[in-house]
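Below you'll find the structure, written out as structure tokens, and then a few comments.
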Amino acid sequence: MIQIAPSMLSADFLHLEKDVEMVNEHADLFHLDIMDGVFVPNLSYGFPVVEAIAKKASKPLDTHLMIIEPEKYVERFVKAGSAMVSFHLNATKDPDAVLAQIRDCGAKAGLVINPDLPLESLFPHLKNCDFVMLMSVFAGFGGQKFIEETYDRVRVLKEEIVRQGLNIPIEVDGGVSASNAKALTEAGAEILVAGSAVFKAEDPAAVIAAMRG
Ligand code: DX5
Ligand code: ZN
């Protein structure tokens, strides 16, 4: 079953409640992008926004940490309402410890890599993940162009997950739209993040339906 996770980075912050209701009604997860201006060259939003969304959300919050030393903030993001928390492999010294920390807080733990990191760098950690995310753009900004090599990366990662006897979903983030959703799910992705494709559309619900195929 494919899950669609609209990225709230592209939502209308003056009418956030309307966009939260749209996700509740038509999508599966809220994707929340947390940026620190250090790990990525951009800032986004923090706890007050996550808590506000959590109050109205009837779908789980999928929080994507693009911050250094995620271990410092994991607990607060879970307390703020995150059911899933992911962080970048190269943002911390001990990824396995952070995965364990997220699970200990009661959330699902995910590891993320940017398009320029070798897939193999994820392999030793997969057994400690509840999900794994491949960036299909370089983390930091919404509205970037999808990197085509992602299809092959999803395929190879899926093979490795199966080879290790694991059953964890692959999430893909960046430049995802109705035009590449089918190829991504055929390659093995199960969770698709989409920011601009959903929120810049005239009819976000129709885009989500089209992404489900
Ligand atoms: C990029 C973020 C993405 C972004 C996706 O750093 O992690 O989640 O909001 O936005 P689109 O779908 O517009 O690429
Ligand atoms: Zn993201």
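The values are calculated or read from the model by the stated rules, or taken from the named source; none is laboratory data. Treat the numbers as computed from the prediction; the structure is a model and nothing was measured. Here Cβ is always computed from backbone atoms with ideal geometry, including for glycine, and neighbour counts include all displayed protein chains. Side chains are part of the model used for accessible areas, which takes the heavy atoms of the whole protein and leaves out ligands, DNA and RNA. Shrake-Rupley method; radii C 1.70, N 1.55, O 1.52, S 1.80 Å.
Details
- Split the accessible area of the chain by element, probe 1.4 Å, and carbon with sulfur accounts for 54%.
- The residue list VAL98, LEU119, PHE146 was ranked by how far each Cα lies along the charge dipole of region 1-152 toward its positive end, using unit charges on Cβ atoms, and VAL98 comes out on top.
- Per residue, the average separation of C-alpha pairs within less than 8 Å and at least 6 apart gives region 1-127 a relative contact order of 19 percent.
- Built amide H within the under 5 Å cut-off of MET133, gap 5+: LEU111, VAL112, ILE113, GLU171
- Per residue, the chain exposes an accessible area of 45 Å² to a 1.4 Å probe, with every protein chain left in place.
- Once C-alpha pairs closer than 8 Å and six or more residues apart are averaged by separation and normalised to the residue number of the chain, the relative contact order reads 21 percent.
- Per-residue Karplus couplings for region 102-118, computed as 6.51 cos²θ - 1.76 cosθ + 1.60 with θ equal to phi - 60°, are listed in order as 4, 5, 4, 6, x, 10, 7, 10, x, 10, 10, 10, 6, x, 9, 8, x Hz, Gly and Pro entered as x.
- FRET efficiency for the ILE68 to LYS127 pair, using the beta carbon distance and R₀ = 30 Å, is estimated at 0.75.
- Within the chain, percent of DSSP bridges classed antiparallel, to nearest 5: 5 percent
- Loop sites in region 123-213: GluC sites (Glu not before Pro), DSSP, at most 12 other Cβ within 10 Å: GLU148, GLU149, GLU202
- Exceeding the 27 Å Cα-Cα cut-off - candidates LYS55/LYS200; LYS108/LYS158; LYS55/LYS182; LYS59/LYS182; LYS72/LYS127: LYS55/LYS182
- Applied to region 149-162, the Karplus parametrisation 6.51 cos²θ - 1.76 cosθ + 1.60 on θ = phi - 60° returns per-residue 3J(HN,Hα) values of 4, 4, 4, 5, 5, 4, 4, 5, 5, 4, 4, 5, 4, 5 Hz, with x for Gly and Pro.
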